[in-house]
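To start, the structure itself, in C-alpha cells.
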Amino acid sequence: MCTARLRKTALLAAGYLCYLLAGAAVFQKLEQGAEKEAKHRTTHHQLDFLRNFTCLQQKDLELLVEVIEEAVKRGIHPLGNNSGIDHTNWDFSSSFFFVGTVVTTIGYGTLAPRTAGGQIFCVIYALFGIPLNLIFLGNIGKKLSLLCHRLGECLANKGMEKKKVKFVTVLFFLVTGIVAFLGIPPIAFSDMEGWSYREGFYYAFISLSTIGFGDYVVVYQKYYCPMSQMNLN
C-alpha cells in the first residue's frame with residue numbers, strides 16, 4: 001500500500017515536472033527571438049541617440065536610464081505630460097483599484113505602497129480583506145449553483161434524463177462563466193483602452209486567474225505604457 005502511494009506520488013511529480021519543462025521550452029521558443037530583436041532595436045536607438053547628441057557620453061546616458069528606471073519602480077512614468085507635478089497615481093479611483101487587486105490577490109505590481117505606513121497598512125488590510133473576498137466569491141458561487149440546480153429541476157420536470165440534465169447544467173454553468181468573464185469584458189477593454197480583442201481576452205484571463213503579470217492594466221492606461229505596447233521602431 002505504501003509502495004503504491006509512493007509510486008503514485010512519483011508519477012505525479014514526474015508529470016508535473018514534465019509539464020513545467022514543456023511549458024518552459026514553448027515559451028523560450030516563442031519569446032526568445034522577440035526579446036533578442038527588442039534588445040537589438042534598443043541598442044540601435046541608444047547608439048543613434050549618442051550620435052545625435054555628441055555632448056553626451058555613454059555613462060551619462062546610463063545614468064539617465066537608471067533615473068528613469070527608478071522612477072518607473074516608484075510608479076512614476078515620465079512620458080510626455082504624464083510626469084507633471086499635479087499628476088498622482090494615488091487618487092481615489094486608482095487607490096480603489098489597488099485595494100481590489102490586494103483583496104483578490106492579483107497584485108499587478110504596477111502600483112504598490114512605498115511608505116512604511118502604507119506597507120504596514122497593506123499587510124493588515126490584506127489579512128482581513130482576502131478572507132472577506134473569499135467569502136464574497138463563495139456566496140456568488142452558491143447563487144450560481146442554486147441557479148444551475150433550479151435549471152436542472154426544471155429540465156428534469158420536463159422529462160429529460162438525469163445524465164442529460166447534469167450535462168446541460170454543467171455546460172450552462174461553464175458557458176455562462178466564460179461569456180460573462182472572458183467573452184464580454186474584452187469588448188469593453190477594446191473600446192476603453194484601445195486594445196485588440198486578443199489583448200483584452202488575455203488581460204481578462206490573467207486577471208481572473210489572479211496571475212496578474214501587470215503588463216496590461218486598465219486603470220493606468222492613460223498614464224502607463226506597458227512594455228508590450230512601446231513602439232521601438
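Hey, how many Å between the Cα centroid of the stretch 1-52 and the Cα centroid of the stretch 132-211? So the separation of the two Cα centres works out to 31 Å. Between the helical axis of 2-52 and the longest alpha-carbon principal axis of the chain there is an angle of about 30 degrees.
Subtracting the Cα-Cα distance of residue 198 and residue 11 from their residue separation scaled by 0.36 nm leaves 63.7 nm.
What nm distance separates the two modelled labels at residue 54 and residue 20, each placed 7 Å from Cα along Cα→Cβ? Here the answer is 5.5 nm between the modelled labels.
If the segment from residue 112 to residue 149 were pulled out straight at 0.36 nm per residue, it would be longer than the present Cα-Cα gap by 9.1 nm. Counting charges near residue 199 (Lys, Arg +1; Asp, Glu -1) among other residues having Cβ under 10 Å from its Cβ returns a value of -1.
May I ask you to give the solvent-accessible area per residue for the chain, in square angstrom, as obtained with a 1.4 angstrom probe?
Values: 17590 Å² over 233 residues.
Solvent-accessible surface per residue comes out at 75 Å².
Pairwise Cα distances in the chain exceed 30 Å in 52 percent of cases.
Remark: the residue 70-residue 45 segment gains 6.9 nm on full extension, using 0.36 nm per residue and subtracting the alpha carbon distance.
How big is D, in µm² s⁻¹, for the stretch 120-225 by Stokes-Einstein at 37 °C and 0.692 mPa s if Rh is the Kirkwood radius over C-alpha pairs?
Working: Rh = 16.7 Å.
Result for D is 197 µm²/s.
In the complete set of protein chains, residue-level accessible area for residue 17 is approximately 100 Å², probe 1.4 angstrom. Sum up the charges of everything whose Cβ sits under 14 Å from the Cβ of residue 152, counting Lys and Arg as +1 and Asp and Glu as -1, but leave residue 152 out. Every neighbour counted, the sum reads +4.
The values are calculated or read from the model by the stated rules, or taken from the named source; none is laboratory data. Model, not experiment: these values are computed from the prediction. Positions of Cβ are generated from backbone atoms using ideal geometry, with glycine treated the same way; all protein chains shown enter the neighbour counts. When the accessible area is computed, the model is the full protein with side chains, heavy atoms only, and any ligands, DNA or RNA have been set aside. Shrake-Rupley method; radii C 1.70, N 1.55, O 1.52, S 1.80 Å.
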